[in-house]
Every structure is written in structure tokens, then in C-alpha cells.
Amino acid sequence: MASISTKPALATLRQLLSELRKQSSTKKLADNQMVQYILSQYRKYQTTDQQLCKAIDEMHFKAKTYCDYLQQSRRYKEINTEFKGKGERTVEETARMVGFKLPHDPKP
């Protein structure tokens, strides 16, 4: 992982912590075991990128991938709860859900 003080690594760490804060049930983020593990990994690899890595940015890539995974899983849950099947819906409810409006009934 790039040094913890480099901008890409620091930005990724902030994104990770932000996502964990949104999904965490604990009040204090410091009490979360996942946060403790991520911070320990950042500290472990802050001295060099090539300590255990085949590629220079492998650890940063893994952190970014995990951050993307957390963001997309949260987004999936939001979309799933919004559009989850609730049984039969009327035509008007379905049209409103996808952003359409039904035309008014024509007058005879």
C-alpha cells in the first residue's frame, strides 16, 4: 500500500472509514473490529509497498476494491428495499415508481 500519508491511500482510508461508519451498528468507530484491522494493515504496509506485494500498488488496489464492495453492497440494500416486491401494485403506483404520470381520463 502506498504510504499512509500519500493522497490516494489516505483518500481510500477515509472512504473505507466513511462506509464502515454508515454500516456500523456500534456508536464508536474505534470499537469496531473491522476498523481496527484496516488501520493495522495500513500501519503495517506504510513503510513500503513492496514488502509482501508483487505489484507496487497491490495493497492500495485491495483497499480500493474493498471500499467499492462496501459502497455497492450498501447501495444494493437501498435499491432492494425501495423496489422490493410488495405484491400486486396498481398501474398508477407502478407508473409513479418509475417516474411516469398516467394521462388523465378522457372526458366523453
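Some points to look at:
Residue-wise test of (1) within 14 Å of L16 (Cα to Cα); (2) modelled with pLDDT of 85 or more; (3) among the β-branched types (V, I, T).
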| residue | (1), (2), (3) |
| --- | --- |
| L39 | yes, yes, no |
| Q51 | no, no, no |
| K77 | no, yes, no |
| F83 | no, no, no |
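- Looking only at residues in the range 8-40 that are of a type in the set (S, T, Y) and surrounded by fewer than 12 Cβ atoms within 10 Å (Cβ to Cβ), the one that is farthest from T65 (Cα to Cα) is S25.
The values are calculated or read from the model by the stated rules, or taken from the named source; none is laboratory data. What you see is a predicted model, and the numbers here were worked out from it, not measured in a lab. Note that each Cβ is placed from the backbone with ideal geometry, even for glycine, and that neighbours are counted across all protein chains shown.
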